[in-house]
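Here's the structure, in structure tokens; my notes come after.
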């Protein structure tokens, strides 16, 4: 059964210099429990697609289904969590209180799903002992870990991540990729992950959807399920290099289409 | 320690220069007394000063509380209903262009010579800076913060109390610092126009009577009132705002 089904979606933005077609006839089907990576050149609308799935952006045309219902229903049922490029932690709240935030709003109690323990989640993202720290005392990587813990506290069925590690250095990013993969294997949640980093896509993706720009559209979906070992792939292996090169070629093809 | 000591050195040097100028140029007492004379006037006129201090303090504190509270409430309405803001904010801006000294007589005509009109003048002086600051404060949330709240299906009420209100706290205190001193100005202006008792009345009377030492003591007392209110605001701010924006 598919977790997310998008078909025929168009999104047009009106700007001062005329309308811009951000998404054109997008179709994608993401099975339940899959780690799906969206990759593409800047301006291809990968973030917009993520925002359409999260009900943050209404499509002009087409249909979006999240677990068989519309995105608004999934959002109200609190089945969706979103991780932004900036951690967007509330600076007046301690780390643990930031993780608790989703449980304090949006009629969480009436959802009737048990939440995860905020302290346990902080342990999971490697921040135990920092519960009462203030966000400004944390590094960029640590802040993003808190944002991930906050996203997981409601046990979401879909985790949408919009270039969450885009502002981090390479080493921090690789470490967080390792942890993200562990979290995915551990929770079994469906993840849609937007990035413009090829190694990140190759490392994380179970399937990688390549998009093209102007207008934003789907170019190709590459299934890596049989290609990679279960769990983390060795980044220095020939296989990893092969997958990354393969993705690069697809991306170049997509850009050539523009 | 030095941060407290340095302004004290600054103030002392000015007082010393004042004493020196009065002595050097042999300034007559009715034009400007020396600091010692003023200090003495504090002692001999303590009862008069205190009797006039109380109504001014009441008016300033009353106006401070009412003006700021009203401004926060209206800013809350403005931030939730854009149409209401578009209709009434320009009107508020227009009223703010009327000098308070021109508005005060009107208020005294309406509310009489009692404390009500003084509180009203003081409240109006506090109102506008708070209104403008709180609108900006409530709007200082980032788009991604609003999107975060939306993904969590937060209600408007939750967005306000969990996000907009805490975000606006630095703006709140910026406005409170302004109105802490402005409220005293408002009360004294109202007392100039017409009142029976108060530091403003005392300032006018002593000026006309050439009781300069008591005049200076009254000025110092009003400054002390404003300074006390300002200090309370700053203390509250350091106690409440412990977080920093990145």
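Throughout, read-outs are computed from the coordinates displayed, never taken from laboratory work. Treat the numbers as computed from the prediction; the structure is a model and nothing was measured. Here Cβ is always computed from backbone atoms with ideal geometry, including for glycine, and neighbour counts include all displayed protein chains.
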> In what sequence do B:118, B:51, A:46 fall when counting other Cβ within 10 Å, fewest first?
Replying inline: B:51, A:46, B:118
>> Can you tell me the orientation of helix B:212-240 relative to chain B, as the angle in degrees between its alpha-carbon axis and the longest Cα principal axis, to the nearest 10?
In response: 30
>> Kirkwood Rh and Cα-based Rg: tell me the resulting Rg over Rh for chain B, rounded to two decimals.
In response: 1.08
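If you take every DSSP beta bridge whose two residues both sit in the protein assembly as shown, what share of them, in percent to the nearest 5, is antiparallel?
Of the beta bridges lying entirely in the protein assembly as shown, close to 55 percent run antiparallel.
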> Taking Cα pairs under 8 Å and at least six residues apart, what relative contact order does segment B:1-145 come out at, in percent?
Replying inline: 30
> So what is the relative contact order for chain B, in percent, with contacts set as C-alpha pairs under 8 Å and at least six apart?
Replying inline: 28
>> Would segment B:58-97 count as rounded, prolate or oblate if I go by the C-alpha gyration tensor, calling it rounded below 1.5 in a/c and otherwise prolate when a/b exceeds b/c, oblate otherwise?
In response: oblate
> Could you put A:236, B:168, B:183, B:144 in order, starting from the residue whose Cβ has the fewest other Cβ atoms within 10 Å?
Replying inline: A:236, B:144, B:168, B:183
> Can you pull the Rg over Rh of chain A, Cα-only, Kirkwood?
Replying inline: 0.96
>> Rounded, prolate or oblate for segment A:33-168? Axes are the square roots of the Cα gyration tensor eigenvalues, ordered a ≥ b ≥ c, and the cut-off for rounded is a/c under 1.5.
In response: oblate
> Which residue, B:11, B:199, B:227, tops the fluctuation ranking in a GNM of chain B built on C-alpha contacts under 10 Å?
Replying inline: B:11
> Rounded, prolate or oblate: which fits segment B:44-123, taking a ≥ b ≥ c as square roots of the Cα gyration tensor eigenvalues, rounded meaning a/c under 1.5, else prolate when a/b beats b/c?
Replying inline: prolate
>> If you take every DSSP beta bridge fully contained in chain A, what fraction is antiparallel? Give it as a percent rounded to 5.
In response: 55
> Pick from B:114, B:186, B:43: which residue has the top mean-square fluctuation in a GNM of chain B where Cα pairs under 10 Å get a spring?
Replying inline: B:43
>> Tell me the angle of helix B:35-44 to the major Cα principal axis of chain B, expressed in degrees between 0 and 90 and rounded to the nearest ten.
In response: 90
>> Just to be sure I understand: of the beta bridges DSSP finds with both ends in segment A:149-252, what percent are antiparallel, rounded to 5?
In response: 55
>> Using Cα-Cα distances under 8 Å and only pairs 6 or more residues apart, what relative contact order does segment A:49-143 have, in percent?
In response: 26
> How would you rank A:36, B:73, going from fewest to most other Cβ atoms within 10 Å of each one's own Cβ?
Replying inline: B:73, A:36
> With N residues in the protein assembly as shown, what two-decimal value do you get for its Cα radius of gyration over 2.2 N^0.38 Å?
Replying inline: 1.37
>> Output the 0 to 90 degree angle, nearest 10, between the alpha-carbon long axis of helix B:115-138 and the longest principal axis computed from the alpha carbons of chain B.
In response: 40
>> Could you give me D for segment A:56-128, from Stokes-Einstein at 25 °C and 0.890 mPa s, where the hydrodynamic radius is the Kirkwood radius over C-alpha pairs? Units µm² s⁻¹, please.
In response: 169
> For chain A, modelled as a GNM with alpha-carbon contacts under 10 angstrom, which of A:157, A:169, A:29 fluctuates the most?
Replying inline: A:169
